[in-house]
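Notes for the one structure printed next.
The values are calculated or read from the model by the stated rules, or taken from the named source; none is laboratory data. Not measured: the values here are computed from a predicted model. A quick note on method: Cβ atoms are made from the backbone with ideal geometry, for glycine too, and the neighbour counts reach across all protein chains shown. Ligands, DNA and RNA are excluded from the accessible area calculation, which covers all protein heavy atoms including side chains. Shrake-Rupley method; radii C 1.70, N 1.55, O 1.52, S 1.80 Å.
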Amino acid sequence: MTSPQVPAAQVLSALLDRSIEQTAEAAQDVRRFDREAIRAAADVWDNNLYPLFLAVSTSRARERERRALAALRWMASFSARRRTWMSEQAALAGYELDAVLPPTRPWVPGRDHLGHVMAPMGGITRRDLDPLLPDYDLAEASVRHIQVERAGTRLSAYLELVVPRAYAVERNTSPEPALLDMWLDDVTDSVFDLSDTRGAALDPGPDGIELALGTAGRLRAAAGEFSLDDRSWHLSAAGRRADAVVPPRTEGSGRRSAPPVKGRLGTDGYAAAALLHRAMLELRSVRYATRADHVPVLDLCRAYSGAGRAVLAAGSRLGGRRREAAFRDLIRTWTDRGGPALVDAPRPTARTPRRLSGEPSQAVLVMASWTAAHTKYGTDRPAGARLQLALPPGTEEVPAAAWRLRTVECTGPEAFRLRTAAFRGPGPLVRSGQPAGTACLDLHEGALHVVTRDGGSAPAR
């Protein structure tokens, strides 16, 4: 049982409320749209929302606290990043969560279904990377994907490098290339040109991370994380060292335990949980860039504002009938705010691309990404570029009262150049060429420059 200073049920419900508040803050102004913050806040509740409802659905305070504490500890065991988020958000709500969580355990490599030791992940630091990089030829690496994106008032980046192996792989096999994936936070400098994508040099130092790309490209960031996607890593020098100390795989190892809170919700309690869960999945779908400008983020946040406190109050009612009645009232409240109309609306599926209509004279760059042509799991994938732009009112068919987000993409761009200055706020947007032919898009006087043969398109609403 928790101490009186850390009431677990209240902390659990406060974390749900903080997720919704954080999501609303991240989407309040699309010129500073934070897609990753929205995704991460909603993703917390994929496997934790039903345990929350089960934990608080009892009028017995001692049992409610026991269940809620078990749910909190299970939630925090997902990852170090998840635990950090929980501690930060609980602190904002006035609770010291670390006092009731078990000590963190260091990450250790696991084994895959074949028993092979798996490639590691960690922070982009010399301590984590120095044992691994001698097994790869970074000088001959090539950029497969680069993405620079707003994270509120800051920038983040995601990079996928194809890194040639410096060790031998098994004969008669055609393994997928090794990929070094990097997530960078607080990006302060970015320069990229698709004509200069071969070669990389990584320098993680005490003052930040410097990554050289090609002859003139670069990324600078305060911190970051990496993962190594290499199915043959167990054959590398670092992999053989790990293989000698990692215990053998046993039945069930590597699997996360089931949620600790058992039981069954009543019909109305389950309906309320399902309604809220679907809203969280809808919010989480902004992880796909083509969905980000279709999800009614602020409407969903308004509909479910205060859901954590409301669920706790409903679940704590004395008697099963009273609890069910409280959950029915809660569903009505969400319905009155537009909840079911939002989550039950038909979801866009395959969309016919349309051209970015109107002639906006300015735009704010929210995200820019480029992907090289490549083959993955035997499927050829074309090169492409994708942009997310915040456009001012009145630049589309229907005049808008506020800035709106638009996702524009093209296949096989002939030119893609990006500099940090492209993200400095509203800037002159210049487009030239034919809508169905070769076209050019330029923002902030060349800080973003894209040339494509297909004219560029955006998914239709």
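Those residues that are part of a strand (DSSP E or B) and either hydroxyl-bearing (Ser, Thr, Tyr) or open to solvent by less than 60 Å² (accessible area, probe 1.4 Å) (or both), I need them from region 113-145; list them, please. Outline the logic, then answer.
If we filter region 113-145 for residues that are part of a strand (DSSP E or B), which is where we start, we get 117, 121-123, 136, 142-145.
Selection gives Val117, Gly122, Gly123, Tyr136, Ser142, Val143, Arg144, His145.
For region 352-375, name all the residues that are open to solvent by less than 60 Å² (accessible area, probe 1.4 Å), at pLDDT below 90 and of a type outside the set (Gly, Ala, Ser).
Leu356, Pro360
Which of the numbered conditions does Pro164 fail, given that it passes all the others? Conditions: (1) in contact with a helix residue (DSSP H, G or I) (Cβ under 8 Å, 6 or more places away or on another chain); (2) open to solvent by 60 Å² or more (accessible area, probe 1.4 Å); (3) not acidic (Asp, Glu).
Just one mismatch for Pro164, condition (2).
Hey, among Arg67, Arg31, which residue is in contact with a Phe, Trp or Tyr (Cβ under 9 Å, 6 or more places away or on another chain), assigned to a helix (DSSP H, G or I), of a type in the set (Lys, Arg) and more than 20 Å from Leu92 (Cα to Cα)?
So the residue among Arg67, Arg31 that is in contact with a Phe, Trp or Tyr (Cβ under 9 Å, 6 or more places away or on another chain), assigned to a helix (DSSP H, G or I), of a type in the set (Lys, Arg) and more than 20 Å from Leu92 (Cα to Cα) is Arg31.
Which one of Leu180, Leu159, Leu129 is out of contact with any Cys (no Cβ under 7 Å at 6 or more places or on another chain), modelled with pLDDT under 95 and under 22 Å from Gly205 (Cα atoms)?
After applying the criteria, what remains is Leu129.
Out of the residues in region 158-194 that are touching a Phe, Trp or Tyr at 6+ places or on another chain (Cβ under 9 Å) and among the small types (Gly, Ala, Ser), which is nearest to Phe226 (Cα to Cα)?
Here the answer is Ala178.
Go through (1) at pLDDT below 80; (2) of a type outside the set (Phe, Trp, Tyr); (3) within 17 Å of Val366 (Cα to Cα) one by one and return the number of the condition Gly433 breaks.
(3)
Only one of (1) surrounded by fewer than 18 Cβ atoms within 10 Å (Cβ to Cβ); (2) under 16 Å from the mean Cα position of the chain (by Cα) is not met by Asp34, so which one is it?
The single condition Asp34 does not satisfy is (1).
Kindly evaluate Leu202 against the criterion of being open to solvent by 10 Å² or more (accessible area, probe 1.4 Å), among the hydrophobic types (A, V, I, L, M, F, W, C) and in contact with a Pro (Cβ under 8 Å, 6 or more places away or on another chain). First the steps, then the outcome.
Details: open to solvent by 10 Å² or more (accessible area, probe 1.4 Å): yes; among the hydrophobic types (A, V, I, L, M, F, W, C): yes; in contact with a Pro (Cβ under 8 Å, 6 or more places away or on another chain): no.
Answer is no for this residue.
Count, please, the residues in region 376-393 that happen to be surrounded by fewer than 16 Cβ atoms within 10 Å (Cβ to Cβ), at negative phi and in a loop (DSSP other than H, G, I, E, B).
Applying the first criterion (surrounded by fewer than 16 Cβ atoms within 10 Å (Cβ to Cβ)) to region 376-393 yields 376-382, 393.
After this cut, where a residue has to be at negative phi as well, the list is 376, 379-382, 393.
When the remaining residues are screened for being in a loop (DSSP other than H, G, I, E, B), the result is 382, 393.
Counting residues in region 376-393 that are surrounded by fewer than 16 Cβ atoms within 10 Å (Cβ to Cβ), at negative phi and in a loop (DSSP other than H, G, I, E, B) gives 2.
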